[in-house]
Amino acid sequence: MNFKASINPETIGAFSRVLALLALALPAVFWFSRWANRRLSEKWSSHQGMLASKVILYGGVIMIVVTLIRELGFSIGHILGAAGVAGVAIGFAAQTSLSNFISGLFLMAEKPFVVGDVITVGATSGAVLSIDTLSIKLRTFDNKMVRIPNETIIKTETTTATRFPIRRVDLDIGIAYKENIARVRDLLLDVAHQNPHVLEDPEPLVHMVGYGTSSVDLKFVVWCVREDWIKVKNEMYEQVKDRFDLEGVEIPFPHLSLYKGEAMDPIPIQLVEPAPNPRKPRAKPRARSKGKT
Amino acid sequence: MTKVFSPWERRPLPGEEPRPTVIGDLTLLERFDGRDYWLARVHTTSKTEPAEPKWLRWPLNEDYDTVSLAPLFPDRPVVVETEVPICLTPGSQTRIFARCPLWVRLDLVGRSQLTIDEMPCAVLSNTWFGVFTDGTLAYWVSSRAQTRIEPDPARPWMAICPVHIRNQSEVELKIERICLRVERLSLFAQDRQLWSDETRVAYRGLDKISSIENSGQRTQETSDSLLVAPPRVSAKENIAARTFSSLKTLSQSIAL
């Protein structure tokens, strides 16, 4: 091949256009993508900003690549024909990716959560860091990053803990059978009213759950704003325990009553002197023996 | 003997020894060591033990000679129950008064003014005004709104808020709770009693949304009053917001 012969004004022009395209268009696409992300995140949400930024980035890069191919003198039709044949093979290989991609589109349209929400998918809970074309990234509460494919999100029950502004805190309380339930209910409601983070409306409620093996089981429900949920849960358990201790309300531990034959008659227990340990001989009272000699 | 200042009276900078000031449930402890201003605040209610004061220190770069304590409304709306439920037939109107606990803003004043802190004079519980999926976080005020009210100079940290309600809808309006957008209210002082400007609420019946207007002017009860504090947010325009609710609407719909 004659290299010198191929260098003509037309080739130099095409080469210059390719260089100019790479030098100007590519940085412009990256800049525009970042700008859209920033502006749209401020105006709408970080999720929408990220989505728009990726559409601009991928769309821009595809346009640049197509233009480059044409500038270099290749036929797009031939390339697309070859790509069609290869596409069948790639399609089979990329089934999972395609499924994740399409699931990602559904996620973006449905918006069950946005970046920053706290969600639970299966056994994994965490804050959503990003919603990408193939997967979402979660930051768990022990600071690990978890990547969950979009297809899994679509197929699995997903709980968004931070969707609504207020949340309910459920507290399971057990009291001894001897306690007066109405009095305990009043005490619990008073504990809730004393905590300024507990919402007055919806008002706190105490429900009787049933008779447990060792306790009368109550459910104590209070409401708070979602940001206070952990704090209120901790504070309420602590304050209920303190109040019960102060008022002499017993929180029973699991216990078992044994009866001998007849119902309701307890087994008689007689306290006796502790038996001497055969392995440990009793110490001789030396002083007394000395005194006797 | 230590001079006792009334709550909103300006006072000189404190000395090395902590100087207490009690306003409602709030006890402020101040001291000045010649270079730094120290402040601790403790909220004490009849049912809680006073907590240990936690001191905060402000290094001062300028000379200040006076401490100013100024009243202002809370930073969020307040929800208040009416003394008895009020039923307003279409076209009728009423005027009620609610008492609202105030906040205090502490400034150091010299050639310039340095805002140190804003704090509530009473510990107020949170409450939610709206539905489960949307609403407003507000403070709960335990005192009830009444149709007649007397000034209470013994509690200078409580302001009286007049509310004029007109039912412009074609249905009866039952009022049990009112959400007062106090951050839009101005504060006036008359004879040791603090008053707000009047809130005028027009109920139009559309999804319980009301038109709320704050005049920013003195009311008929406070014609000789002084403006003490402007509203926290501009109240030039009317707003449309949910203002009334029936009691326990949220609570009754709770399912376990």
Practice task
Scan the stretch A:176-186 and give yes if some residue there is at pLDDT 95 or above and surrounded by 15 or more Cβ atoms within 10 Å (Cβ to Cβ), otherwise no.
Solution key: yes
Practice task
Could you grab the pairs with beta carbons closer than 6 Å, sequence gap of 6+ or different chains, first residue in the stretch A:123-135 and exposed (fewer than 15 other Cβ atoms within 10 Å of the Cβ), second one modelled with pLDDT under 90 and acidic (Asp, Glu)?
Solution key: none
Exercise for the section: Just need a number here: residues in the stretch A:214-237 that are touching a strand residue (DSSP E or B) at 6+ places or on another chain (Cβ under 6 Å) and of a type in the set (Ser, Thr, Tyr). Expected result: 1
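When the stretch B:193-246 is examined, which residues are found to be among the hydrophobic types (A, V, I, L, M, F, W, C) and at pLDDT 75 or above? If you could, list the steps in order and put the result at the bottom.
Within the stretch B:193-246, the subset among the hydrophobic types (A, V, I, L, M, F, W, C) is B:194-195, B:201-202, B:206, B:209, B:212, B:226-229, B:233, B:235, B:239-241, B:244.
Within the stretch B:193-246, B:Leu194, B:Trp195, B:Val201, B:Ala202, B:Ile212, B:Leu226, B:Leu227, B:Val228, B:Ala229, B:Val233 meet the criteria.
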Handout entry: the stretch B:139-170 - residue that is closer than 19 Å to B:Ser211 by Cβ and touching a helix residue (DSSP H, G or I) at 6+ places or on another chain (Cβ under 9 Å) and, of those, surrounded by the fewest Cβ atoms within 10 Å (Cβ to Cβ)
Key = B:Pro162
Handout entry: Single condition B:Thr136 does not satisfy, out of (1) within 14 Å of chain A (Cβ to nearest Cβ); (2) of a type in the set (S, T, N, Q); (3) loosely packed, with under 14 Cβ neighbours inside 10 Å
Key = (3)
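Give, as residue ranges, the helices (runs of 4 or more DSSP H) completely inside the stretch A:1-119 that count at least 1 residues that are within 30 Å of A:Asp142 (Cβ to Cβ), free of Cβ contacts under 8 Å to residues at least 40 places away in the same chain and over 25 Å from the mean Cα position of the chain (by Cα).
Working: elements: A:3-6, A:9-20, A:26-43, A:46-71, A:76-93, A:95-110.
By residue number, A:46-71.
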Completion exercise
Among (1) over 25 Å from B:Gln93 (Cα atoms); (2) in a strand (DSSP E or B), B:Val163 falls short only on (1)
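From the set of residues in the stretch B:121-133 that are touching an Asp or Glu at 6+ places or on another chain (Cβ under 8 Å) and more than 7 Å from every other protein chain (Cβ to nearest Cβ), which is modelled with the lowest pLDDT?
As a first pass, look at the stretch B:121-133 and keep what is touching an Asp or Glu at 6+ places or on another chain (Cβ under 8 Å): B:121-123, B:125-129.
Retained after the next criterion (residues that are more than 7 Å from every other protein chain (Cβ to nearest Cβ)): B:121-122, B:129.
Numbers: B:Cys121: 93, B:Ala122: 91, B:Phe129: 88.
Top of the filtered list is B:Phe129.
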Handout entry: Selected residue (only one of A:Arg167, A:Arg139 is in contact with a Gly (Cβ under 6 Å, 6 or more places away or on another chain) and within 25 Å of A:Lys231 (Cα to Cα))
Key = A:Arg139
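Kindly state which strands (runs of 3 or more DSSP E) lie completely within the stretch B:23-85 and contain at least 1 residues that are of a type in the set (S, T, N, Q).
Values: elements: B:26-32, B:36-43, B:56-59, B:64-72.
Because the criterion is at least 1 residues that are of a type in the set (S, T, N, Q), the strands (runs of 3 or more DSSP E) in the stretch B:23-85 that meet it are B:26-32, B:64-72.
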Fill in the blank from the handout: Flagged in the stretch A:136-155 as touching a residue at least 24 places away in the same chain (Cβ under 8 Å), surrounded by fewer than 18 Cβ atoms within 10 Å (Cβ to Cβ) and hydrophobic (A, V, I, L, M, F, W, C), in numbering order, are A:Ile154
Practice task
Answer with yes or no whether A:Asn150 is within 11 Å of chain B (Cβ to nearest Cβ), touching a helix residue (DSSP H, G or I) at 6+ places or on another chain (Cβ under 9 Å) and of a type in the set (S, T, N, Q).
Solution key: no
Problem - Contacts under 6 angstrom Cβ, first residue in the stretch B:76-98 being away from chain A (no Cβ under 14 Å), partner assigned to a loop (DSSP other than H, G, I, E, B) and of a type in the set (Val, Ile, Thr), 6 or more apart - result: B:Ile96/B:Thr147; B:Phe97/B:Ile149
Exercise for the section: Please determine, by comparing only the residues of the stretch B:176-206 that are out of contact with any strand residue (DSSP E or B) (no Cβ under 8 Å at 6 or more places or on another chain) and at negative phi, which one is surrounded by the fewest Cβ atoms within 10 Å (Cβ to Cβ). Expected result: B:Leu206
Exercise for the section: Tell me, please, whether a residue that is within 13 Å of another protein chain (Cβ to nearest Cβ), exposed (fewer than 13 other Cβ atoms within 10 Å of the Cβ) and touching a residue at least 12 places away in the same chain (Cβ under 8 Å) can be found in the stretch A:239-261. Expected result: no
Exercise for the section: Provide a single number: the residues in the stretch B:100-111 that are closer than 21 Å to B:Arg232 by Cα, surrounded by fewer than 20 Cβ atoms within 10 Å (Cβ to Cβ) and out of contact with any Phe, Trp or Tyr (no Cβ under 7 Å at 6 or more places or on another chain). Expected result: 2
Fill in the blank from the handout: Counting only residues in the stretch A:183-225 that are small (Gly, Ala, Ser) and away from chain B (no Cβ under 12 Å), the one farthest from A:Asp170 (Cα to Cα) is identified as A:Ser214
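The values are calculated or read from the model by the stated rules, or taken from the named source; none is laboratory data. Please read all numbers here as calculations on a predicted model, not as lab measurements. So basically every Cβ, Gly included, is an ideal-geometry build from the backbone, and we count neighbours across all protein chains shown.
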